[in-house]
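Shown next, in structure tokens, is the structure this report addresses.
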Amino acid sequence: MESYSVEAVLKASGATQFAKAFQNASKSVQGVDKNASKAAISISSMMKAIIGSTAVVGTFRAIRNSIDGAISRFDTLNSFPRVLQMMGFEASESEKSIKKLSDGIQGLPTTLDEVAKTTQRLALMTGDLEGATETTLALNNAFLASGASGQDAARGLEQFVQMLATGKVDMDAWTTLQETMPYALNKTAEAFGFTGESGKAATQELYDALKSGNITFDEFNSQIVKLNDGVGGFAELAQDATGGIATS
């Protein structure tokens, strides 16, 4: 039997070519792997850069918004007294009012501009700046304590101001209050002694009393202001309901 060397057998069978091909393929794969690793590192670096840039942009936006808010707040603090003085109020009154408004919205998602404009409007309507300030804060807290959104609070406030201007209630406006400040309205009705025992809801009984004149709208407004302060008042509940969101 003819003997063959191992090398001859491998050459004849093509195993040597296969081995070389495999070796070359392995090198290629290793090259691809290295390139892939480099690409992965490059992509990773790029993503980090993008994320870093996004974070920076987000930070700058937050800073810009904070600065804008601070400027708006500063402008309100300065313009509020001047506007009220032109409306006939003393400088000391207006300064006391804006300070109370600023303190009253701390930790709430309410801007100083919003409460300042409402106070000016009510003060011009009633001629009572102190009362307008207290009513504004009480209403703001009443809406927030009832879980109203900013849009709902604005809608309810508009209806309240219109009723305060005329001293009368109407069903459409009252329905809006029931939708935007249900909790506060129910608490106000209970404070007047209405419990819904007659088969009607307490708030409906309060509406009937206001409609008939047994309770004046001024008395209704005063009760809301009274319920704003103290333990469990609208001010405390507004802070709880909004989670103490800071607006500064």
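The values are calculated or read from the model by the stated rules, or taken from the named source; none is laboratory data. Here the structure is a predicted model, which means the values were calculated and not measured. Glycine also receives a Cβ, built like all others from the backbone with ideal geometry; neighbour counts cover every protein chain displayed.
For the range 116-135, what are the residues that are at pLDDT 95 or above and over 14 Å from SER94 (Cα atoms)?
Listed by number, the list holds a single entry, THR135.
Does the range 183-193 include one or more residues that are in a helix (DSSP H, G or I), within 20 Å of GLU114 (Cα to Cα), among the polar types (S, T, N, Q) and modelled with pLDDT of 95 or more?
no
Just to verify a result, which residue in the range 89-131, among those that are of a type in the set (D, E, K, R) and within 26 Å of ALA148 (Cα to Cα), is surrounded by the fewest Cβ atoms within 10 Å (Cβ to Cβ)?
As a first pass, look at the range 89-131 and keep what is of a type in the set (D, E, K, R): 90, 93, 95-96, 99-100, 103, 113-114, 117, 121, 128, 130.
After this cut, where a residue has to be within 26 Å of ALA148 (Cα to Cα) as well, the list is 99-100, 103, 113-114, 117, 121, 130.
Values: LYS99: 12, LYS100: 17, ASP103: 9, ASP113: 15, GLU114: 18, LYS117: 15, ARG121: 15, GLU130: 14.
Ranking the qualifying residues of the range 89-131, first place goes to ASP103.
Can you find, within the range 167-176, the residue that is farthest from the chain's Cα centre (by Cα) among those that are in a helix (DSSP H, G or I) and either surrounded by fewer than 17 Cβ atoms within 10 Å (Cβ to Cβ) or among the aliphatic types (A, V, I, L, M) (or both)? Steps first, please.
At the first step, the residues of the range 167-176 found to be in a helix (DSSP H, G or I) are 171-176.
Now restrict to residues that are either surrounded by fewer than 17 Cβ atoms within 10 Å (Cβ to Cβ) or among the aliphatic types (A, V, I, L, M) (or both): 171-173, 175.
On the way: MET171: 30, ASP172: 27, ALA173: 25, THR175: 24 Å.
By that ranking, first place goes to MET171.
Can you pull out every residue in the range 86-127 that is within 20 Å of ALA235 (Cβ to Cβ) and part of a loop (DSSP other than H, G, I, E, B)?
Residues satisfying the conditions are ILE105, GLN106, GLY107, LEU108, PRO109, THR110, THR111.
Is at least one residue of the range 150-159 over 25 Å from MET87 (Cβ atoms), in contact (Cβ under 8 Å) with a residue 40 or more places away in the chain and either more than 17 Å from the chain's Cα centre (by Cα) or assigned to a helix (DSSP H, G or I) (or both)?
Yes, that holds for at least one residue.
Of all residues in the range 128-149 being part of a helix (DSSP H, G or I) and polar (S, T, N, Q), which is farthest from SER79 (Cα to Cα)? Talk me through it step by step, then tell me what you get.
Within the range 128-149, the first condition is being part of a helix (DSSP H, G or I), and the residues that meet it are 129-145.
Pick out the ones that are also polar (S, T, N, Q) and you get 133, 135-136, 140-141.
On the way: THR133: 16, THR135: 21, THR136: 18, ASN140: 21, ASN141: 24 Å.
Looking at residues that are part of a helix (DSSP H, G or I) and polar (S, T, N, Q), I get ASN141.
Mind listing whichever residues of the range 177-200 are within 24 Å of the chain's Cα centre (by Cα) and over 15 Å from ASN228 (Cβ atoms)? Explain how you work it out, then say what you get.
Let us first name the residues in the range 177-200 that are within 24 Å of the chain's Cα centre (by Cα), namely 177-185.
LEU177, GLN178, GLU179, THR180, PRO182 - these are the residues of the range 177-200 that are within 24 Å of the chain's Cα centre (by Cα) and over 15 Å from ASN228 (Cβ atoms).
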